[in-house]
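Read through the structure below, which is laid out as structure tokens, and then see the notes.
The values are calculated or read from the model by the stated rules, or taken from the named source; none is laboratory data. From a predicted model like this one, the values you see are computed outputs, not experimental measurements. All Cβ positions, even for glycine, are placed from backbone atoms using ideal geometry, and neighbour counts span all protein chains on display.
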Amino acid sequence: MSDLDQAFGSSVSLIGKHPPLSHYPFSDHDDDIVIFPIALRKLVQLALNKHRGGDSALDVATFDSPQIVESMHPYWSALSIEQRNKLTERVRSILRRLVINEPELGKHLETLELRGGFKVHGPLAQLQTAIEKLIKRYEVQPQLNRFTK
């Protein structure tokens, strides 16, 4: 047995470890919790840009715009058409679910949209707290598909 085989003879635990997302941020195969922070940043960006004539973060039709998902992934132009389509459907589904199923998030996004870019420090701090709670809730919630193999 070679030295290398001996060094890696026992398994390496990956519990609590995350892939380096600075290289490739997410794919359509990743768990929702990997995509959530990026999707939430996009929702906040949309809410802040609403007063400049942008689309509403609360209107699910906004997510049908091809530029929404494209702007969320830095390697969009390198993806195949098939990958783009899968990623688009996945991200749209997550964005819709966040807006529809998370009323507290919707309330905070609406506040940002109504502020028109003025005096947003307080609402942004409240939104950050709400987002942190939301992410923690989804991080600990076991997914049903993890138990079916």
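Some points to look at:
- Odd one out for LEU14, checked against (1) assigned to a loop (DSSP other than H, G, I, E, B); (2) closer than 29 Å to PHE118 by Cα: (2)
- For the stretch 122-149, the candidate set comprises residues that are hydroxyl-bearing (Ser, Thr, Tyr) and closer than 21 Å to PRO37 by Cβ; within that set, the residue that is modelled with the lowest pLDDT is TYR138.
- For the stretch 83-124, a residue qualifies if it is out of contact with any Pro (no Cβ under 8 Å at 6 or more places or on another chain) and basic (Lys, Arg), and the qualifying residues are ARG84, LYS86, ARG90, ARG92, ARG96, ARG97, LYS107, LYS119.
Residue by residue, here is whether (1) surrounded by fewer than 16 Cβ atoms within 10 Å (Cβ to Cβ); (2) of a type outside the set (Asp, Glu) holds:
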| position | (1), (2) |
| --- | --- |
| ARG41 | yes, yes |
| ARG52 | yes, yes |
| GLN67 | yes, yes |
| ARG92 | no, yes |
| GLU104 | yes, no |
| LYS107 | yes, yes |
| GLU113 | no, no |
| GLY116 | yes, yes |
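- In the stretch 1-24, the residue that is surrounded by the most Cβ atoms within 10 Å (Cβ to Cβ) out of those that are modelled with pLDDT of 75 or more and closer than 17 Å to ILE135 by Cα is LYS17.
- Meets criteria (surrounded by 17 or more Cβ atoms within 10 Å (Cβ to Cβ), β-branched (Val, Ile, Thr) and in contact with a Ser or Thr (Cβ under 9 Å, 6 or more places away or on another chain)) for THR62: yes
- Filter result for ALA39 (outside any helix (DSSP H, G or I) and within 23 Å of PRO25 (Cα to Cα)): no
- Per-region count, the stretch 118-139, residues under 17 Å from the mean Cα position of the chain (by Cα) and surrounded by fewer than 16 Cβ atoms within 10 Å (Cβ to Cβ): 9
- Here LEU58 clears all of (1) touching a residue at least 12 places away in the same chain (Cβ under 8 Å); (2) outside any loop (DSSP other than H, G, I, E, B); (3) within 16 Å of LEU127 (Cα to Cα) except the condition numbered (2).
- Filter result (among the β-branched types (Val, Ile, Thr) and either under 13 Å from the mean Cα position of the chain (by Cα) or part of a loop (DSSP other than H, G, I, E, B) (or both)) within the stretch 63-82: ILE68, VAL69
- Residue among ASN85, ASN49 that is outside any loop (DSSP other than H, G, I, E, B), at pLDDT 95 or above and of a type outside the set (Ser, Thr, Tyr): ASN85
- With respect to being among the basic types (Lys, Arg), out of contact with any Phe, Trp or Tyr (no Cβ under 6 Å at 6 or more places or on another chain) and at pLDDT 90 or above, LYS119 falls outside the description.
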